[in-house]
Structure formats: C-alpha cells, structure tokens
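A quick write-up on the structure given underneath.
The values are calculated or read from the model by the stated rules, or taken from the named source; none is laboratory data. Source: prediction; values computed, not measured. Quick reminder, even Gly has a Cβ in these numbers, built from the backbone with ideal geometry, and neighbours come from all protein chains shown. With ligands, DNA and RNA removed, areas are computed over all heavy atoms of the protein, side chains included. Shrake-Rupley method; radii C 1.70, N 1.55, O 1.52, S 1.80 Å.
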Amino acid sequence: MAAKKPKKNDELSQAWKKAVESGEDKPGEHPPEGEKKSSSDEAESSEDGEEYTGRFGPIGPDQIKEAEVVMKKYKDGKSSVDRRIVENEQWWKLRHWEIVAGSQEKSKENDPRPVSAWLFNSLANKHADAMDNFPSPNILPREENDKEDAKTLSSIIPIVLERNQYEETYSDCWWYKLKAGTSVTGVFWDKNLENGLGDVKIRKVDLLNLFWEPGISKIQDSRNIFHVELVDNDLLEEKYDFLAGRLGSGTIDKAEYVYDDSIDTSEKSIVVDWYYKQVIGTRTVVQYCKFCNGEVLYASENTPEYAERGFYDHGKYPFVFDTLFDVEGSPAGFGYIDIMKDPQMYIDKLNQIIAKNAYLVGKPRWFRKKNCGVNVNQYADWSNDFVDVEGNLEDINLRQIEVNGLPPFITNFLQMRIDELKETSGNRDFSQGSTASGVTAASAIAALQEAGSKLSRDMIKTSYRAFSEINYLVLELIRQFYDEPRSFRLEDENGETDFQTYDNSQIKEAPYQNPMTGEEAIRRPIFDIKISAQKQSPFNRIAQNELAKEMYGMGWFNPQAAEQALIAIDMMEFEGKEGIKAKIQQNSQMMQDMQRLVQTVAQFDAQMGTNLLAMAGLAPPQQENAPPQAAGSVKKGESQNLGESAQVAKARTRAASTTVPKG
C-alpha cells in the first residue's frame, strides 16, 4: 500500500491553469525559504506568518499522517534486523558477556568473564584487505563524440569523492558491512555546499535510521523509503520558525545502540526524509518530502520545478546498499559477526572454565573444624611469622580442599573452537603471513595464500559493484545540477597541474536531427563506469614490478621482437595489459618506418653517388637480420636469478597477487 494518494497529475495541471487565469497563487508556488510574502498577500497568509518553498501543496498534514502509518509498518517489519545490528555492535565492542549471560544463563557475579579478540582480529584483517584495494573510477564513453567528456569526468569525479573525504566513508562503510552485514552509502545533492552553489554530498547511512518496504530484496523496488534523524529543537526552530511551540516527543521512535555515554534526547525531535516513487506517463520519478512532528518542511511535489519531473532526474533512491551475505526477502544481509559469534561465545566460555579452575587451584581453601585450636586470622594473614595453636596440631582439625585440574580434552576442545572460527571466517594463518610447522616450500606457501585470498577478492568485488553505482549517481547529479561552471585542479599522467572549468552543457539531454531520417530526437550521452584498485597491496605492486622486469629480461620491449611479444601478452592477464600492447605496437611501427626511411636513403645514395646515410650516422640496411638476442637473456646452464631458483621466483609472484579483484 502506498504511503499516500497524491493529487493526480491532470488535476494538478488544471489547478495550475486555473490559478494562472485567476491570478491566484499557483499550487506549491511560494517564496524561497525564509523569504516573506508581499504585504498584499500577508493578510491571507496562514497563522505561521511566513511560508517556505515546497511547504504547501498536494502534500499536506493528511498525507504526512498516512506516511507515518506506513513508516511504522516498515519499522515493525525491520525490528529483527535492528535488534541484530544493536547486538552485533556489542559483540564488536567485546561487551558480549552481557548478552550471553542475559540470554542463556545467569553466571555468578564473581565468575571471571574473559574476552578474547579472535573475532575482532578476523574483522580487522578483512578491513585491511579492503583498504589495500581502495577503488578508483574510470568513465568510458559509448560514442566517439563523448570521449573528451568521459576523460574529463574520469578526472573530476575522483575530486568530488576526495572533497567528500570518501576514503574515510569507504573505511567506515567497510567496518559497518563487516559488523552488520550491510553498509549503506547516501549520495545526495546539497544546495548549501560551495557557498550556495551546491554540490554532491556522500556519506555513510546508519541502517537503524532507514526503513523500507518489508519483503523486497532490492532497495529500488521499495515503494517508499524513510530516513530519520534526531535534530536539536532549537536548531529546527531557528531554521523553521513556524515549528516554534510545535516540537515535542512526537509519535516516531527508532532503535538505538547501547552507548557508553549518557545521551539525552529530550530536547531533540525526529526529522524524516521521505522518498517515494511515482509513475508519470511512461516515466518513474522519485519524489522527496521532509517533515517533522506532522509538519511539512519541504515537498518536491509542492514545487513547480519538481512536481512532474521528480526530485532526482535519475529516478533512483539516493541510497546504495553493499551487502556482504545476501538473504532472500530483504536488502539487508548478515555479516561475519553473525557467523563467528557462536564459536567466539564458546571460546570465551571455555576460557572462563579454565580461568576459574586456575583461580581455584592457585588460591587454596581449607576445611576447619570448629574449636580446632588454630588462630585462623593469623593463619590467613601471610604477613604473620607465627600462628598460635592451642592443644595438639592434627590434620583432622585443618585440611586443604583439593581442586582437581581440568582434563586435557577441555583445552583440546578450546583449540578446536578457535580453529573453527578461523575456518569459517577465512582468516587462516597463511592469509596473515604466518606459516604452520612443516610448510616451508615457497610453492606450497604461495598456494595456501592464494586459496586463502578467495574470500577477500569476492568481498571486494561486491564492494566494487556498489562503488560503481555510487559513481553512477554522482555522474547523474553532475548532469542534473552542474549548470554553472566549476573549477577543478587536474593532474595529467606526467604530474603536471592544469586548472579546468566544467559544467553539464555537453552531457545534458539535447535535441538533435537524425542524419538518416531527418527526424528530431533527444540525445543523452551515456557512459560506462569501470572500477579498478587505486591503492594496491605492497605484495601486488612487487608482483607488477617483477613482471615488468621479466618482460624486459626476455626482450619483449625490443621492437624487433614485437610480433612474438604480442602473441605472448595476449595469452596473459595482468593490469595495464592493453597499454603495454599499445606501446609495443607503437615502437614496432616506429622501427618499421625507420627501416623504410633508411632503405630509401640507401637507394638514393646508390643512384646519386652521395653518402647521406653515413653522414646521418645510420647503418645500411641488412638483407637478413638475425633474430635479436633478448636483453638480459640467459645462456644454457646459467642461473636466471642468482641466489633464487626459478620455482621460488614463480611462487613468490603467485603469492604477491593475493587480494586484488578485477574491475
């Protein structure tokens, strides 16, 4: 069920037409935010005394009430996800004994509660793999005419990401994804940035603040999306003076984390960002409404600019979900904490048993017979050199309580649980650079490291797909809102700095005439986005450098061996392959051109009796060229790399390519 039933488009158009003919205010047309109406209109203004753009129109109090009912239904359908996220945060903070003791059994107050960080260590290693492969976008055109814009956008979009401190956002989203199973990145247009010129705003979104339609698997399929946020009442009243005296606790609440600090929300109110989709003609548009305590703060349907166009031209919700492990019927998946918290719980419980036993063994207790004649206080105080005794001192009067040590299977069971956690998380010793006893061969270590990196490559590949969607939304916001030229500092491949201005005039929809039919049509430049790793792990950089040296040593960069080199490179897969092929072909073509030039000059010298070839310092062309010896080639019987066998060198190269997925 939709959150509301807005006024139909034809009714809205008729209302506008009638308002124009009568000279009245058009529906949804109001002065800009904070700007008062003229004195002639003040007599008919509402009790607020001041009206704001997008506040009045088809979206009013009735529609807000219906939206709140829908949001409550969405919130109830997401309650289990919220509880899981809050609980996982406690596991992440190593506060899970409160959950374990509260949900399963009441442990004694004096029992030790050891906390081991196996789970934490696994998540930290996954995060390190992700940050070693920080992504970078490359914009590719689909038509020849858009090559220059694609090249410029490939330089501009990383700058937009940098201005939003996206590396920090990327890191925060990865932590959240590993803990909760799903991270959400919001890509919005903020009109207040750049001194009111507006710009793209990218930030992490907390899943606890987001509500969607229950039962859907893709967030874009939800009929409505609600994002809530707590805002101080005084800030709201300062920005929207008509809210004075209308703010209170409200009817909307949301799940909260268990904070270490005491947080007072009595002077805060929940502001709701409501996104919903409409079908207008053959187009699906996204509308936007902001409201607080039943009061409309802004609605895109109430403004003539966006009433039928939609708030965002791309027609998508501005939220990108990056899911670790998918579940059917929900866009929010589960993460590694959900998988690892059961073995982590048993690890800590077994540690509790071992620690308690060690405490009992290390601090002996005694059976004391009444009236045994031993001064117990002196006996318990180790600072006393002497202990008073009355009568005969016999073992029957004072005897130590014996505590047996734990059987060996307890510690074996603990190690099994630790190994289970490592296996299920893919965080084996080899993936951290350690080796087990008995594994010393370089090829074996490389094979184990390669096998252990499959999970990391798969996770990073998923994040690259989400990052591609983020860049798509950024590109579409540039297409929609970059009407005014913006200045950017760009750097070319040689590190030279260039300053360039850019606007959306070349990438906006524009009419053109079809040369084949002569009909008018609308052209909209379309771009593809390819993602690659901007930052690579040191191991991968070493592998790339080793590959380059190996190619040079085999003479592949010699123009005379271009044909053989191109055949070999076509059979290989590595980053930058096409660029290497292009340079080899270019050098080969230059050599062929030079040979033709030398041959022409030699023929001229033979006919005219001149010696131009020798004067130019060029050798005469040879009839039969012997195959060139590869630079740095090795004779039979010689070692290719002193101090290192070929098998070890190959194993090291394989181990270097650990966690980099292909874009």
Selection from the range 494-521 of residues that are open to solvent by less than 50 Å² (accessible area, probe 1.4 Å) and at negative phi: Y502, D503, N504, I507, A510, N514, A521
Counted residues, the range 215-234 - those being surrounded by fewer than 19 Cβ atoms within 10 Å (Cβ to Cβ) and in a loop (DSSP other than H, G, I, E, B): 5
Lone qualifier among F56, F120 - being of a type in the set (F, W, Y), open to solvent by 20 Å² or more (accessible area, probe 1.4 Å) and within 30 Å of E238 (Cβ to Cβ): F56
Among residues of the range 249-279, those that are in contact with a Cys (Cβ under 9 Å, 6 or more places away or on another chain) and in a strand (DSSP E or B), counted: 8
Within the range 365-402, tally of residues that are open to solvent by less than 60 Å² (accessible area, probe 1.4 Å) and closer than 30 Å to D348 by Cβ: 1
From A606, A616, A631, A582, residue being at negative phi, modelled with pLDDT of 85 or more and aliphatic (A, V, I, L, M): A582
Qualifying residue in the range 538-550 (condition: outside any helix (DSSP H, G or I), at pLDDT below 85 and open to solvent by less than 90 Å² (accessible area, probe 1.4 Å)): no
Strands (runs of 3 or more DSSP E) lying entirely in the range 479-534 (those with 3 or more residues that are touching a residue at least 12 places away in the same chain (Cβ under 8 Å)): 486-491, 497-502, 527-533
Failed item, numbered, when R246 is tested on (1) under 19 Å from E68 (Cβ atoms); (2) open to solvent by less than 40 Å² (accessible area, probe 1.4 Å); (3) part of a loop (DSSP other than H, G, I, E, B): (2)
Test set (1) surrounded by 22 or more Cβ atoms within 10 Å (Cβ to Cβ); (2) under 30 Å from R479 (Cβ atoms); (3) not polar (S, T, N, Q) - G335 fails condition number: (2)
Candidates E484, E491, E469 - the one that is more than 20 Å from the chain's Cα centre (by Cα), surrounded by 10 or more Cβ atoms within 10 Å (Cβ to Cβ), modelled with pLDDT of 80 or more and farther than 23 Å from E144 by Cβ: E484
Criterion violated by Y257 - all others in (1) open to solvent by 30 Å² or more (accessible area, probe 1.4 Å); (2) within 24 Å of the chain's Cα centre (by Cα); (3) within 30 Å of F481 (Cβ to Cβ) satisfied: (3)
